[in-house]
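These notes concern the structure reproduced below.
Values in this text are rule-based calculations from the coordinates and carry no lab data. Owing to the predicted nature of the structure, the values given are computational and were not obtained by experimental measurement. Note that each Cβ is placed from the backbone with ideal geometry, even for glycine, and that neighbours are counted across all protein chains shown.
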Amino acid sequence: MAFQCRAVKTPATHAPSLQAIGGAAFPRGSALLANSLLNKGTAFPEEERDALGLRGLLPPRVFTLEEQLARAYANFQHQAEPLGKYVFLTLLQNRNETLFYKLLETHPEEMIPIIYTPTVGQACLDYGAIFRRPRGMFISIRERGRIAEILRHWPQTDVRMIVVTDGERILGLGDLGVLGMGIPVGKLALYTSCAGLHPAYCLPITLDVGTNNGSLHDSPTYLGLNQPRVRGEEYHAFIEEFVTAVKRVFPKVLLQWEDFGNTTAFRLLRDYQKRICSFNDDIQGTAAVALAGLIASLRETGQSLAEQKLLFLGAGEAGTGIADLFCAAAGDAGLSESEARARCWFVDSQGLVVRGRLTELAHHKIPYAHEHPPLATLAEAVEILRPTALIGVSGTPAKFTPEIIARMAEFNERPVIFALSNPTSQAECTAEAAYKSSGGRAIFASGSPFPTVEFEGRTFVPGQGNNVYIFPGVGLGSLVVESAEVSERMFLVAARTLADLVTDEDLALGRIYPSLTRIREVSVKIATAVAREAVHSGLAGIALTDDEIEPAVRRSTYQPAYRSYI
Ligand code: NAD
């Protein structure tokens, strides 16, 4: 049976034609070698070298993709430092995307921490110094009035996925201005490598409205406008023009808001969620990955979701996003909205979030400001509230002290400890501290990866509660059925699907997320569940039956392989 859709269409294959990628006059010679989407480097076969004017522009020996892969991997390993590996991968991506994605697909556990957190954090800090050539688009506030025209400069006309930042809150590193471009670039590489979204559909964008990071103003390598951030009406008019232009130039696009400062992020999500198919990964993607971890942890604790009491350190985008989605899930489990909210507590930089602070609290914290005497510290809050789970999303390191973890382990047989702040340097505690201070009983997850921990004869493999498990699948699922929106329920089904994919073997290792080696399969399953939710809720633009959805998702995934050009 087909469900009601906005419009009934044939399923898209989601593989752009060579003409769409290369343009009407397919590039030849050095222009072909310079096109990273089409370039095969030394793998151009003899016939194509003759037909496409490549003779003499390449060394004579023809390599296979597998041979190129082996050479690229050896070069990757040759780099001693993570930042060197990042630069190597960036140059490869700019040269030959097929080979780049083949490398990522073959070694995901090694590559993802380089192109994304934690190494991407260092790469953003050093972005001005390691900059070789631009990737993606930079649109500055000085270009107001011309944004649609500028978007048309992008060589691909059929863009489906944009990740956009204004660089104000890059990971837990704060305002990095245009240096934050490493994040949209990295996230889109994950869309392709983890979910198989075709790279030709992806466009990273950084909006430059200035920066309030004074050290960047003084830096000779800073690449953005040397001015304080534009705020208020002028900023919002700029964003309004941007969204309108994106809709006009790329009508099928899904827009992901990324690493905006928290007041801006909540407002943009609220203002544009229904006007353009969009979501905020820091709020909603984080929420889904954390909820998946909580759901998976119930198999270890033997408790129900409704029995959980969550204490968050940090009441920003990530924290309140997780709490909102937890409440939606707890609602499905039978709790009323107020009962669910009463199970979520927050400590921010001023102490426990309580009713008495109502006048100074930001809008997003108010639903979680409970009637309670003020408490100044996390330690006091743990002592009095006795939560089942401690969730760190404060961007401040080492706040989960050994004493706090030990107390959690006294109240709970299996305390849930999530230190989600990125990059690794900002994590609220290390995996080792969580396991050791809890006598090996903590159910631990972190935002950035930690190495395995040996403790009292056991080996623990810490799970990485990273959004990479969620957003690629959510994006792909939404695009496959051309959903009009990315709804809260789509994130809810994504979380449940992810939790279901955690195996007993994962849990036995202490890991509440699947291994990253399974990320392609995880993303396909999440995309399928998300697309089904879009169809069932009437948001889909493409009519598919339940049975048709997974094959459609699989058909639409990009495989890094060379296509013939003649
Ligand atoms: P945010 O700026 O919106 O919120 C940060 C919150 O932490 C604010 O409420 C702030 O008051 C609070 N805070 C700051 N210092 C504190 C302190 N010393 N004690 C208590 N609270 C304090 O940022 P966000 O988007 O919520 O992100 C927070 C962190 O979570 C970042 O490090 C980010 O990298 C991380 N994060 C991780 C993932 C993941 O995949 N695991 C996803 C999103 C965000």
For the stretch 3-161 the mean separation of alpha carbon contacts under 8 Å (6+ apart) over residue count, i.e. relative contact order in percent, is 21
Longest principal axis of the chain (C-alpha) makes with the long axis of helix 546-555 (C-alpha) an angle, in degrees to the nearest 10, of 50
Using alpha carbon centers only, the stretch 86-145 is separated from the stretch 185-225 by a whole-angstrom value of 8
Gyration tensor on Cα atoms of the chain, a ≥ b ≥ c root eigenvalues, a/c under 1.5 rounded, else prolate if a/b beats b/c, else oblate, says prolate
Taking a ≥ b ≥ c as the square roots of the eigenvalues of the Cα gyration tensor, with a/c under 1.5 meaning rounded and otherwise prolate when a/b exceeds b/c and oblate if not, the stretch 1-156 is rounded
Restricted to the chain, the DSSP antiparallel beta bridge percent, nearest 5, is 10
Helix 65-78 sits off the longest principal axis of the Cα atoms of the chain, rounded to the nearest 10 on a 0 to 90 degree scale, by 50
Heads up, the stretch 452-547 by the C-alpha gyration tensor (a ≥ b ≥ c square roots of eigenvalues; a/c under 1.5 rounded, else a/b over b/c prolate, else oblate) looks prolate
With -39,500 (n - 2.57) per DSSP H segment of 4 or more residues and division by the full residue count of the chain, the 222 nm estimate, nearest 500 deg cm²/dmol, is -12000 deg cm²/dmol
Expressed as a whole-number percentage, the relative contact order of the stretch 131-222 with C-alpha contacts under 8 angstrom and at least six residues apart is 38
For the stretch 251-389, percent of DSSP beta bridges that are antiparallel (nearest 5) comes out at 20
Of all GluC sites (Glu not before Pro) in the stretch 453-487, the ones in DSSP coil with at most 13 other Cβ atoms within 10 Å are GLU456
Subtracting the Cα-Cα distance of LEU58 and GLU233 from 0.36 nm times their residue separation yields 57.7 nm
Taking GLU403, GLU533, GLU300 and counting other beta carbon atoms within 10 angstrom, the fewest-first order is GLU403, GLU300, GLU533
For SER564, SER140, ascending order of other Cβ atoms within 10 Å (fewest first) is SER564, SER140
Of 70-78, 242-250, 433-441, ordering from highest average Cβ density within 10 Å down gives 433-441, 242-250, 70-78
Taking the chain, the lysine pairs whose C-alpha atoms sit under 20 Å apart (8 or more places apart or on different chains) add up to 12
Relative contact order of the chain (C-alpha contacts under 8 Å, at least 6 apart) in percent is 17
With Rg from the Cα atoms and Rh as the Kirkwood inverse mean 1/r over Cα pairs, the stretch 53-144 has an Rg/Rh of 1.05
Per the 1/(1 + (r/R0)^6) rule, R0 = 30 Å and r from the Cβ atoms of ASP126 and TYR73, FRET efficiency to 0.05 is 0.80
The helix 262-272 Cα axis meets the longest alpha-carbon principal axis of the chain at an angle in degrees, between 0 and 90 and rounded to 10, of 60
Residues VAL289, VAL416, VAL524 in order from fewest to most other beta-carbon atoms within 10 Å are VAL524, VAL416, VAL289
Per the stretch 43-100, sqrt(5λ) over the Cα gyration tensor eigenvalues, sorted largest first, in Å, gives 26, 12, 9
